[in-house]
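For reference, the structure is listed below as C-alpha cells.
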Amino acid sequence: MGIKRYLILGLLYIAGISGVVVSLGLGSYKLVMFGYFQEFPIVAWIVLPVVLLFLATVAHLMFYWVKAVISSKAIKNDEAKLIQLIKHKLSGSTQDVKPTNGHMSNIAAILSKLHISNDKDNADTPSQTINSLIVASNNIQNSKYENLKEFSLNAEAVLIEQNDRNKITQDENYATTIIKKPTNYSDKQVKIAFMKLLNDNKIGQIKLSLKDITLDTDMLFALLETNSKESKELIFENSQIVQMLVDMKLSVKEYKQIARIYLNKMAPEQLTAIFEKFFTTDENSTEAYLLVLFELGMIDDVREILANSKKDEYKKFKALVQLKEAGHYYTYDNLFS
C-alpha cells in the first residue's frame, strides 16, 4: 500500500472511530496514578492510542520510503558509472570507475579486466548513450570525424586520438593551425599535422615553424626526402641540415640512410661538406661519410680515414678499397645491402 493511500485510509479510520464513540455519549474517564489524575472524554482515551499508532506507522513507512529513495538513487548513480566504464572500454581508455554498491563494484572490477568491442553491424543496446557511441566509433573507424564531447571520454582514449587524427588529415586549416602553434598541441598531433602538410606540399608554414617543432626520425627523414627533391619552398643551408641532425643523435644506420637520400641529388661539394661536419662531431657518422666519399670517387680521402682507424674497424670499406686497387669496382650497396 502506498503512503498516500495509507494516510487517507488511516485518517478516515480515526475519524470513523471518533464519530462512533462520540455518538455513544460515553462521557469522560478519570485516570488516577501515584496521586496524580487526568480526566479526558472517553472518545479521547479511545482515539489517542489509535492516533499514536497511526503516527508511529507513518514514521516507519516514511523511514523505509526515504531509505528506498536513497538506495534507488545510488543504484542509478552506479548504473551511470557502469555505463561510463563501458564507454571507456569501447573508446580504448584504461580509466576505471568505482561504484558505491558492493555488487556493482564487483561487476565493475570484472568489466575493467575485459576487452569490450562493439558489433559494427548492430547498435541496439538498452542504453541510447552506448548506441550513439557505437555509431560514432564506427564512423571514426571509417576515417570520419565525430564530435565526442557528449560522451565525456578520457582525453587519452584511443578513439579520441584516432578521431583527432581524422580531423587533422581531413582539415588542412586545422593541420596548419597546429603547425603554427606546435607548443599548444601534443607531439602526436604535431607529427600528424606535419606529415599531412608535407605530403600535400604545403611546406611553407613548416619551414617557418620548424624551430618550434621537435622532430622524431620519421619526421626528419620525410623532411629530408622532400628537401632532397630541391623544392624551392624547402631549401636548407648546410648549417641548418647539420643542426637538425646533430640534435637528433642519429645511429650509424640512420646516417647512412641520409647519405643515400642525398647521393646524386646534392652537389658533391655540398654533400661532402655536410658529412665532413658530421664526421667531426659524431663518430656514428663515419661510415656514412666513407660511403659518400667512396660513391663520389674520393678514394684518397677514404684511404686517409681508414689508415687512421683500428684494424677491426670499417672492414667493409677496407675490402672495397682493396677490390678497387685490384681493378674491380663495386659500390657499397652491391656487396653489403
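The values are calculated or read from the model by the stated rules, or taken from the named source; none is laboratory data. Only a predicted model underlies this, so the values are computations on that prediction, with no experimental measurement involved. Counting neighbours? That spans all protein chains shown, and the Cβs are built from the backbone with ideal geometry, glycine included.
Quick rundown of the values:
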item	result
From the options Ser112, Ser132, residue that is within 15 Å of Gln84 (Cα to Cα), of a type in the set (Gly, Ala, Ser), surrounded by 10 or more Cβ atoms within 10 Å (Cβ to Cβ) and touching a Ser or Thr at 6+ places or on another chain (Cβ under 9 Å)	Ser112
Helices (runs of 4 or more DSSP H) wholly inside the stretch 237-337 that include at least 3 residues being over 46 Å from the mean Cα position of the chain (by Cα) and not aromatic (Phe, Trp, Tyr)	299-307, 315-325
Residue match in the stretch 167-182 (condition: basic (Lys, Arg) and assigned to a helix (DSSP H, G or I))	yes
Residues of the stretch 277-315 satisfying the condition of being of a type in the set (Asp, Glu) and surrounded by 16 or more Cβ atoms within 10 Å (Cβ to Cβ)	Asp282, Glu287, Glu295, Asp301
Single residue of Leu153, Leu223, Leu215 found to be under 28 Å from Gln243 (Cβ atoms) and either part of a loop (DSSP other than H, G, I, E, B) or of a type in the set (Lys, Arg) (or both)	Leu215
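One line per residue, one yes/no per condition, for (1) modelled with pLDDT under 85; (2) within 18 Å of Glu79 (Cβ to Cβ); (3) out of contact with any Cys (no Cβ under 6 Å at 6 or more places or on another chain):
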position	(1), (2), (3)
Thr125	yes, yes, yes
Asn131	no, yes, yes
Ser137	no, no, yes
Ile140	no, no, yes
Tyr145	no, no, yes
Leu148	no, no, yes
Phe151	no, yes, yes
Val158	no, no, yes
